[in-house]
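So the structure is just underneath, and the comments pick up after that.
The values are calculated or read from the model by the stated rules, or taken from the named source; none is laboratory data. These numbers come from a predicted model, not from an experiment. Cβ placement follows ideal geometry from the backbone for every residue including glycine, while neighbour counts extend to all protein chains displayed.
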Amino acid sequence: MGCNVGKKDKIVRFLVGAVILVIGHEGGGDLLKWLGLVVWLTGYFEFCGLYKVLGINTCEKSDR
């Protein structure tokens with residue numbers, strides 16, 4: 001499992017994942033909580049399975 005999520009993408013995923021988690025916690029439901037967690041974790045691990053399937057790589061050589 002290599003890096004396919006770059007630094008800027010990682011920051012966006014952390015922020016968006018956190019916002020979705022808060023919305024889910026405030027009454028949005030379990031589905032939003034899980035979605036927020038998945039988005040946040042893809043930033044943490046710098047790997048996105050969907051990116052892998054689609055052949056997308058935002059990870060720069062200096063990020064690896």
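Given the condition surrounded by 10 or more Cβ atoms within 10 Å (Cβ to Cβ), small (Gly, Ala, Ser) and within 15 Å of Cys3 (Cα to Cα), answer yes or no: does some residue in the stretch 32-41 qualify? Outline the logic, then answer.
Restricting attention to the stretch 32-41, the residues satisfying the condition of being surrounded by 10 or more Cβ atoms within 10 Å (Cβ to Cβ) are 32-41.
Imposing the further condition that a residue be small (Gly, Ala, Ser) reduces the set to 36.
Now drop any that are not within 15 Å of Cys3 (Cα to Cα), which leaves none.
Within the stretch 32-41, not a single residue is surrounded by 10 or more Cβ atoms within 10 Å (Cβ to Cβ), small (Gly, Ala, Ser) and within 15 Å of Cys3 (Cα to Cα).
Inspect the stretch 7-27 for any residue being at pLDDT below 95 and not in a helix (DSSP H, G or I) and give the result as yes or no.
The answer is no, given that none of the residues of the stretch 7-27 is at pLDDT below 95 and not in a helix (DSSP H, G or I).
Of everything in the stretch 38-52, what is under 8 Å from the mean Cα position of the chain (by Cα) and in a helix (DSSP H, G or I)? Give them in sequence order.
Within the stretch 38-52, Val38, Val39, Trp40, Leu41, Thr42, Gly43, Tyr44 qualify.
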